[in-house]
Structures are given as structure tokens and as C-alpha cells.
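Scroll down for the structure; my scribbles are underneath it.
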Amino acid sequence: MRNLVLCGFMGSGKSAVGKLLAERLHMEFVDTDAAIEKQTNLSIPEIFAQRGEAAFRRYETELIEKLSNESGRVISLGGGLAANEANHPYLKRAGTVILLDCGIDETLLRISGDAGRPLAAGGREDIVRRYEQRAPIYRKAADLVIDSSGSVRQTLQKVLSALEESK
Ligand code: S3P
């Protein structure tokens, strides 16, 4: 099987759902944020502070390009990866792209003030603006769109059903 790629905004559940999805389907799990942290030996806030956001975006593109040439994984993307249309050809090549979206109100509840997410530090209005700006770009990349406003288990079930139906 090609890869299953989870995209969406911060807090949409990509990492939590991706991990369970990989377990359920006996696939390897990769989280792009975690892979970049491992590769640089820095946390995401440290990368932003020490090397800048542009460097982080380059690491993301290099990683997804590499992963798109391989298969058999569940790949959870950092929230900005599918927001950059230049990465879309790699996502298409990687496999089935599943967008998780929990809606703006739930997003704000989940991520406001999260110190581990540099781009969630700008406050409510900034998050809403970014969410609205990215929503149509995520949709362009997505093969399947899943409402992830419920629990992780509920979202997992929805993803599994959508995959089954899309066969
Ligand atoms: C980002 C989302 C984060 C992380 C970085 C930038 C974004 O990942 O890659 O802080 O631009 O939306 P999560 O979506 O896993 O929080």
C-alpha cells in the first residue's frame, strides 16, 4: 500500500489519530514534526527561534519529498506542510491524503496558548486568520475530509470507514 497522509490545522488530531491508525493497519508511523526534531536534535520552538521558520519549512519539504518516494507508512504532517501548495505534488505522490478538521471553535480550545506551537502563540485572532487562510489550501490537497471534532477513537473510526468506502 502507498502511504496514508494525515493533514490539517494544529490541534486537528493528526498525530494522535495517525498513531492509532498505523497500529490498527500494521503500518509504520511517521510524524514529520517528531522526525525533524530528531534530525536536528532541537524542539520545534528551538528550531523556529534558532534557525527561523524558513529553515523549518525547508526541512519539511525535504522530508516529504523523501517520504513520497517510499510506501507503507502513516504520515502525520505538521500543520504548515499541506498549507504550502509547493508541497502538494509530493503529497499526491505519497498516497491518500486525509484532511482532519475539527472546526475553528474546537481548534481554539485545543491549541490556544500551547507553548510547544510557536504559531499558536499569536492569540485568537491570529489563529482564526491562519485557519481561514489555510482551509481552502488543505482541501485542495485532500482526497478525504474527516470531521475530527470528536474523540480520537471516534475520528479513527471515521477515517477507517472513509478508507473502506473509498476502496
Ligand atoms: C505548524 C504546526 C506544527 C509544527 C509547527 C508549525 C503550522 O505542527 O509543524 O509548529 O505551521 O501549523 P502541528 O500541526 O502538529 O501542531
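Using a simple charge model, +1 on the beta-carbon of Lys and Arg, -1 on the beta-carbon of Asp and Glu, nothing else, what dipole does the range 96-167 show about its Cα centre, in debye to the nearest 20? All intermediate terms of the calculation are to be shown ahead of the outcome.
Values: 11 positive and 11 negative charges, 34 e Å.
For this selection, approximately 160 debye.
What does the C-alpha gyration tensor say about the overall shape of the chain? Classify as rounded when a/c is under 1.5, otherwise prolate if a/b is larger than b/c, or oblate.
The shape class here is oblate.
Quick one: if the Förster radius is 25 Å, what FRET efficiency do A54 and V152 give, using the C-beta to C-beta distance and rounding to 0.05?
Details: r = 32 Å, r/R0 = 1.29.
Efficiency, from the Cβ-Cβ distance: 0.20.
Rounded to the nearest 0.05, what FRET efficiency do I137 and H26 have when you use their Cβ-Cβ distance and R0 = 30 Å?
Efficiency, rounded to the nearest 0.05: 0.40.
Mean projection of the alpha-carbon convex hull of the range 18-79 over all orientations, in nm²?
One quarter of the hull surface, i.e. the mean projection, equals 4.2 nm².
Fewest first, what order do K38, K158 take by the number of other Cβ atoms within 10 Å?
Listing K38, K158 from fewest to most nearby Cβ atoms yields K38, K158.
Can you tell which of A141, V152, L109 lies farthest toward the positive end of the dipole of the range 101-162, using +1 and -1 charges on the Cβ of basic and acidic side chains (Lys, Arg; Asp, Glu)?
With unit charges placed on the Cβ atoms, the residue in question is A141.
Compute the label zone of K66 within the range 1-34: residues whose backbone N is under 13 Å from the point 7 Å along Cα-to-Cβ.
The answer is 31-34.
Relative contact order (percent) for the range 10-117, with alpha-carbon contacts under 8 angstrom and 6 or more residues of separation? Present the calculation step by step, with values, prior to reporting the outcome.
Working: 90 pairs, mean separation 42.8, N = 108.
Relative contact order, the range 10-117: 40 percent.
Size of the dipole of the chain about the Cα centre, Lys and Arg at +1 and Asp and Glu at -1 on the beta carbon, nothing else charged, in debye to 20?
240 debye
For each of T107, T40, count neighbouring Cβ atoms within 10 Å of the residue's Cβ, then give the residues from fewest to most.
Details: T107 23, T40 16.
Final ranking by Cβ density, sparse to dense: T40, T107.
Rank these for me by crowding, V97, V145, V30, V74, going from fewest to most other beta carbons within 10 Å.
V145, V30, V97, V74
Only the coordinates and a few stated rules stand behind these numbers; no lab work does. What you see is a predicted model, and the numbers here were worked out from it, not measured in a lab. FYI the Cβ positions are ideal-geometry reconstructions off the backbone, even for glycines, and counts take in every protein chain you see.
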